[in-house]
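Every read-out reported here was derived from the displayed coordinates using simple, explicitly stated rules and does not represent laboratory data. If you're wondering where the values come from, they're calculated on a predicted model, not measured in any experiment. Reconstructed Cβ throughout: ideal geometry from the backbone, glycine too, with neighbour counts over all protein chains shown.
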Amino acid sequence: MAYRPTRLRTRQTYSWIGKPLDRKLHYQTYKEMSVKIEGRLPEIDLQVGQFVLIEGDDDENPYVAKLVELFEDDFEPYSKKRARVQWFIRFCEVPVCKQHLLGRKPDAQEIFWYDYPACNSNINAETIIGHVQVVALAPDEVIPMDLKNEKTFFVKLSWNEKKFKPLPPELFAQLDKLQESNPRCQKSMEAKTKSTESPSWTTAEHVVKRIESRHSTSKSRQTPSHPVTPRARKRLELSSFPRTHNTRISQQTSWALLESPGRMKRKVAFSEITSPSKRPQPDGPQNSSAALKTPEKAGEIQQCWAEDDKKASPDGCMILRTRVPALKTTETSEERTFTPVRGGQKSLVVPSVILKPENIKKREAKEPVQDEATSTPRPRIRRKSSLLTLNRIRQQLRFLGNSKSDQEDEEFLPVAEISDSDSEEEEASTPPLPRRTPSSVSRNLRSSMKSSLQTPSKTPKKTPEPRTPRHATPRIRSRNLAAQEPANVLEEARLRLHVSAVPASLPCREQEFQDIYNFVESKLLDHTGGCMYISGVPGTGKTATVHEVIRCLQQASQANDVPPFQYIEVNGMKLTEPHQVYVQILQKLTGHRATAHHAAELLAKRFHTRGSSQETTVLLVDELDLLWTQKQDVMYNLFDWPTHKEARLVVLTIANTMDLPERIMMNRVSSRLGLTRMSFQPYTHSQLQQILVSRLKHLKAFEDDAIQLVARKVAALSGDARRCLDICRRATEICEFSCQKPDSPGLVTTAHLLEAVEEMFSSSYITAIKNSSVLEQSFLRAILAEFRRSGLEEATFQQVYTQHVALCRMEGLPYPTMSETMAVCSHLGSCRLLLVEPSRNDLLLRVRLNVSQDDVLYALKEE
Amino acid sequence: MSSRKSKSNNLIQAEYLSQVQRILRERFCHQSPHSNLFGVQAQYKHLIELLKRTAIHGESNSVLIVGPRGSGKTMLINHALKELMEVEEVSENVLQVHLNGLLQINDKIALKEITRQLNLENVVGDKVFGSFAENLSFLLEALKKGDRTSSCPVIFILDEFDLFAHHKNQTLLYNLFDISQSAQTPVAVIGLTCRLSLSEDRNVRDVLQKHFNVSKSLRSLHTLLMLALNRVTPSHPFMTAADLMEANQLCSMDSKANIVHGLSVLEICLIIAMKHLNDIYEEEPFNFQMVYNEFQKFVQRKAHSVYNFEKPVVMKAFEHLQQLELIRPMERTSVNAQREYQLMKLLLDNTQIMNALQKYPNCPTDVRQWATSSLSWL
């Protein structure tokens, strides 16, 4: 793209402009920086408050953000030049499942204010690519279409991972002002920055409250706080507390105080202890209920931290040792310890901790708490002390994540590659779409934490490691040249007749459509669940109809006619094993990944507990018969969940056979399936004709008789619409082939269609026999003669050979040797014209015909 | 002088000849895509049109090429792909995946192979990571993301297609055909098989539309020509009809008759005895004792012409015949039965025996007479 300098080839140098505005130990703030690109003259000046493009996963679509602060941090291992940004998000970065929430088609240059406080806004300044212009628009304004350059983006709405909202007025005003005002006026800039940060701040506090309440409700002990490290401090700022010079200084001092001989030791210890997390942990708790347990675990951690501290650090955090796992005492002792840094920045002082290898598990186990908290903030009662503690826990977590040294990279890469463990899998895959995993930017707090825990290659680093497969984005290379559009009528017709072309409406299935629609709609309106079984032979439009129903319902829910619902689709044929269905459902429902067994538990818990989801879930299970297992537990569960009142689950199942419930299901399973059945009858010839006509609307490519012919032919045989379409498609090919002028091919006539039908339905055996060699034909004759002689449908090779020799003599053919005849026989066997035993039986091998004798006679007579 | 000249001429000629031989051998042995397509032009045109539509228009297609072994299926598809790749706008746009049912014996391996050949992102080096289920969902998602106009068409070539149909649930085939029938990444699935009954297999949708049929094996023709070619020498510079006849004879030679030619007289006698037993008992199995008795009868009558071997010697000859697989023990005979009484069957036809005897060198007249009729002594 035009605005993307070829970063891979040219070197860029980043340098500060001007003196640091604000200087602290290891930390200086700047207001401007310049980027010099080798071989290009004008340097790019980056100033605080400007909008910039930031290098990301996708070279075509770099991230858009607003510079909030530029600073240099000596503690960053890879790049000391850092920047703090406010993110904007592109539509394509919104998770696919949420994209529909927008309710309209996004404009090409439209971006959204990313109002998601849990997102890491601290980035490596050297990933900034260049300027970009962002224009704020009122929600009702139309995005100007006369775009002269691609560098302009428009922002109308904000996105907070849950819904799209119009920009808050003050923010809008500020953005609006920004694009006109000179970005050099630093004062106003700072004011803006503050105001932009404020909303995120409040939400972050929600988060804290949430965690806190969890802790207090579960009556757990508190986790001790530990000395902060500079990196942990840096993260702190983005979380919830307003930055002031004061805090920083006090941090600094507290750090300096705690910087003790023990620290180095601890660092070493970290690099050792973190590696055991490679071990698969089969039972990492992952959902809310599991999270409730975690505080106890945290307490355990604390205990062993204390133990470790005894050994490791004879310094300031010694006091931890005395900690008893009781809430009150912990608090008091803590207060005492950190009196010098009381006040607003209490929480900033977190003693460092040492984990013993066996406790890593616990530490990881705690993370879901955070997930929960960050994703669903909910105001609750708040106690100051526990808030404090919780903050500390968070900081510890972050600190732990950060303190990973990069020599562990090699060790850690395989973790994500080979691990099958639940927790890791989940973690690696949780952030659904807007996963900012560029070389240096990690946007989600969640993902940043995890990536630092699990895959350190995600932490700031210039050279990207080979990506772990789990983070790979599944995509087929896109084509270099655009696909050609159909040039003539026949090609257009072929395109429309292709099975993949989705018709605007489904003719001839109105009744079925209405039934399914009513069923699902009623369940949605009543907030209940239910099952429906849909059967029909292949190609009768079952899946297409259900898809259509869902599409209509989704439209209706956007118009608020029906309550919103979540739609999930699984296909039995697309699973390697029936139990994998749980994995797929869970992943589509929550984005989490787990093993089949664990996923089943999580789903059961989800559907059995009240209020876990406010929305109804509509689940489509295609090819149900493939989910059959010996125990039938998969089917049982699928039909059992909707019977729970809290589940709010509507299950639509599709299979081919009408009597599947009776035939293969146990009574207890089929009873739960209920009585809502629907059977799709094969299409009649008039329906098939109607389908073809509707597909070829306004396109004169077929003679009317021809369409009728194919409709009747197919209806007489199977009523499979797919086959009908295929035949028509083949007929267009034949037509094109026969008329040599490609520009003006005539209509597809009945003759062409007949040829196609012939091709499709003709027996391949007869053609094969007709085209086989003389010796093969004579051998087939010999088989027939031998069958007639013996009156059996089976003969040994020797018997047939005798007949064969006699026949050849009669017909004047050269004498066939045994070896030759054997070769002929095995050849026919490989075509499955004959069924033969393995040829080691030699003369005694038994031969059977795989075709009816009449067919053979017919084929042989033709000559 | 002149003789020397002719000699050098001869040498040059010989060199040329050997070169011609080499070129011809190469043509016969390698399936070069340059060779002409005789008899399958129509099918070829059809196939290439279809592939072009996938490559250029992004239309999904599926073809099954059916034909007996050696009928040029692989050559046809190779030829078509080569021509397709020569089209400039196609060559950069098309991805190819080659699978063989004999190599990818289950869907798990096949999936890994597809992922590797498509060079998707979960490939690191040559290895594909993740479990079977992960691979499947990854691949499906990858293919699902594409659409007709923007993503690269993928051509799947499944050799020994029938073997893929034996995989559990036919997961791979279902999904490939499902992709080809829905608005996802455009694919062309080309199956090559020699089995005709495939379309009856359950579950695979009836998208297998086109059957190509090419008669008679090209490979055997090539072997025949190779044999004839080997007879070309400087003194005999052109292939003649006689050469071809001889080559044909070599090709169609009865392998068992050749073995019979190398047998000893005693063994021949045993075979003749077995033949008579077969005649008498109508293909019922026999054992050694029966054969020995029959042989004894013959020896007693013609004592002067045939040496009367001891029983262990005859037994040895009998076992030799078994080793040559000219006779074969019946199935399901107990192993611990005495060897003399183990039931056997002859794996030679009467006509074969008679033909072999006629060509057998130095065959005693009595034996020959005995062979024609068991009652010849009367």
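Note on B:Tyr341 and B:Gln358: their simple-model spin labels are 4.1 nm apart, each label 7 Å out from Cα toward Cβ. Distance distribution P(r), region A:548-600, all Cα-Cα pairs, bin width 10 angstrom from 0: 24, 37, 26, 13 percent.
From the Kirkwood radius over Cα pairs of region A:783-827, Stokes-Einstein at 4 °C and 1.567 mPa s returns a whole-number translational diffusion coefficient of 119 µm²/s. Inter-chain neighbour count for B:346-352: the average number of beta-carbon atoms from partner chains within 10 Å of each residue's beta-carbon is 5. With the simple spin-label model, which puts each label point 7 Å out from Cα in the Cβ direction, the B:Ser8 to A:His547 separation comes to 7.9 nm.
For the pair A:Ser34 and A:Leu747 in one chain, pulling the backbone fully straight at 0.36 nm per residue adds 250.0 nm over the alpha carbon distance.
With a 10 Å cut-off around each Cβ of A:569-581, the average count of Cβ atoms from other chains is 4. Between A:Gln133 and A:Ser852, the simple spin-label model (points 7 angstrom out along Cα→Cβ) gives 7.8 nm. Of the three principal axes defined by the Cα atoms of region A:485-554, the extents in descending order read 51, 26, 16 Å.
Tell me, what does the Kirkwood hydrodynamic radius of region A:509-679 come to in angstroms if you use every pair of distinct C-alpha atoms? After inverting the pairwise mean of 1/r, the radius is 16.1 Å.
What shape does region A:640-790 take by its C-alpha gyration tensor, where a ≥ b ≥ c are the square roots of the eigenvalues and a/c under 1.5 counts as rounded, a/b above b/c as prolate, and the rest as oblate? In terms of gyration-tensor shape, oblate.
For region A:701-761, the square roots of the Cα gyration tensor eigenvalues, ordered a ≥ b ≥ c, give a/c of at least 1.5 with a/b greater than b/c, which places it in the prolate category. Each other residue within a Cβ distance under 9 Å of B:Gly101 adds +1 if Lys or Arg and -1 if Asp or Glu, for a net charge of -3.
All Cα-Cα distances of region B:257-372, cut into 10 Å bins from zero to the largest, leave 13, 50, 33, 5, 0 percent in each bin in turn.
Using a Förster distance of 22 Å, how high is the FRET efficiency between A:Arg712 and A:Ser763, based on the Cβ-Cβ distance and rounded to 0.05? The computed FRET efficiency comes out at 0.60. Taking a label point 7 Å from the Cα of B:Gln323 along the Cα→Cβ vector, which residues of region B:256-275 have an amide N closer than 18 Å to it? What the label zone holds, given the 18 Å backbone N cut-off, is B:259-271. In terms of distances greater than 32 angstrom between alpha carbons, the cross-link table entries A:Lys713/A:Lys861; A:Lys80/A:Lys162; A:Lys542/A:Lys713 yield A:Lys80/A:Lys162.
For the residues of B:130-137, the average number of beta carbons from a partner chain within 10 Å of their own beta carbon is 6. Using the Stokes-Einstein relation with a Kirkwood hydrodynamic radius computed over Cα pairs, the translational diffusion coefficient of region A:764-860 at 37 °C and a viscosity of 0.692 mPa s comes to 251 µm²/s.
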